[in-house]
Amino acid sequence: MITLVSQRVEFIENYSEYRDCIDQRLVMWLSENGFVPVPVPNILGEVQLKRWLENLSATAIVLSGGNDIGQYSSRDETESILLRWAEKNQIPVLGICRGMQFMVKWYGGKLVETDNHVGVRHRLKKIIDEEELPHEVNSYHNFGLRNCPEKFNILAMTDDGFIEAISHKSLPWEGWMWHPERELTFNDIDQKRLSNLFYKGQ
């Protein structure tokens, strides 16, 4: 299953270059689940990117972490195009950290600044009992969500009232504020949930 993965943008000052990049462990995490990760460039623009998408025949999308929303317009535009394409074609999407934030913003939601959410771990408070989620997750973000648009269900929250996981009510889309790829040992629950999400849309 070809899985498109959005990339963060980095400016390399010594070379005056903007570069797209992705955590190698995210590629490893997806590959271990049987998916074929394909990084999405942030420079194509709408016409070229749509042509690129049509030629690839991808069946799932991951919006990865890194960069604050608004930091690089090229990435914001790329992820907007990916979500429009996924919505039109009923393509499964997983938003990780910034990716979840972007999904919510795309539907008109608002972000708020967080305290003590970088380099720490949180216990999850499940909102829907029958959902299988990790008991504890990592946290690496400066912005979070107190509320989300009506198109989403809230799956889990932190003890301090921030939303940690969401699912779209009609599309095979989910958002997780933690980074499954950053766990020293990949969590079986994360892996199972990813597979269920991506195959649900097929």
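Points worth noting:
- The test for being among the basic types (Lys, Arg) and modelled with pLDDT of 95 or more holds for ARG25.
- Only one of GLN101, GLN24 that is over 23 Å from TYR199 (Cβ atoms), under 16 Å from the mean Cα position of the chain (by Cα) and touching a residue at least 40 places away in the same chain (Cβ under 8 Å): GLN101
- Only listed residue being of a type outside the set (A, V, I, L, M), in contact with a helix residue (DSSP H, G or I) (Cβ under 7 Å, 6 or more places away or on another chain) and either surrounded by 15 or more Cβ atoms within 10 Å (Cβ to Cβ) or touching a residue at least 24 places away in the same chain (Cβ under 8 Å) (or both), chosen from PRO41, PRO37: PRO37
- Sole residue being within 24 Å of SER195 (Cβ to Cβ) and either free of Cβ contacts under 8 Å to residues at least 40 places away in the same chain or polar (S, T, N, Q) (or both), chosen from GLN90, GLN48: GLN90
- Residue that is least open to solvent (accessible area, probe 1.4 Å) [pool: residues in the stretch 57-86 that are in contact (Cβ under 8 Å) with a residue 24 or more places away in the chain and farther than 20 Å from CYS21 by Cα]: ALA86
- Residue count for the stretch 158-183 under the criterion of being at pLDDT below 90 and either open to solvent by 20 Å² or more (accessible area, probe 1.4 Å) or β-branched (Val, Ile, Thr) (or both): the result is 4.
- Annotation note: of ASN89, ASN138, the sole residue that is open to solvent by less than 60 Å² (accessible area, probe 1.4 Å), of a type in the set (S, T, N, Q) and under 22 Å from PHE35 (Cβ atoms) is ASN138.
- Close contacts from the stretch 175-202, counting a first residue that is closer than 13 Å to LEU94 by Cα and a second that is surrounded by 15 or more Cβ atoms within 10 Å (Cβ to Cβ) and of a type in the set (S, T, N, Q), with Cβ to Cβ under 6 Å and a gap of 6+ residues or different chains, come to TRP178/ASN138; HIS179/ASN138; GLN191/ASN33; LEU194/ASN33; SER195/ASN33.
- One residue alone among LEU145, LEU111, LEU53, LEU124 is closer than 21 Å to PHE186 by Cβ, buried (at least 16 other Cβ atoms within 10 Å of the Cβ), touching a Phe, Trp or Tyr at 6+ places or on another chain (Cβ under 9 Å) and touching a residue at least 40 places away in the same chain (Cβ under 8 Å), and that residue is LEU124.
The values are calculated or read from the model by the stated rules, or taken from the named source; none is laboratory data. Predicted model, so just to flag it, every value in this text is computed and none were measured. Here Cβ is always computed from backbone atoms with ideal geometry, including for glycine, and neighbour counts include all displayed protein chains. Just so you know, the surface numbers come from the protein's heavy atoms only, side chains and all, with ligands and any DNA or RNA stripped out. Shrake-Rupley method; radii C 1.70, N 1.55, O 1.52, S 1.80 Å.
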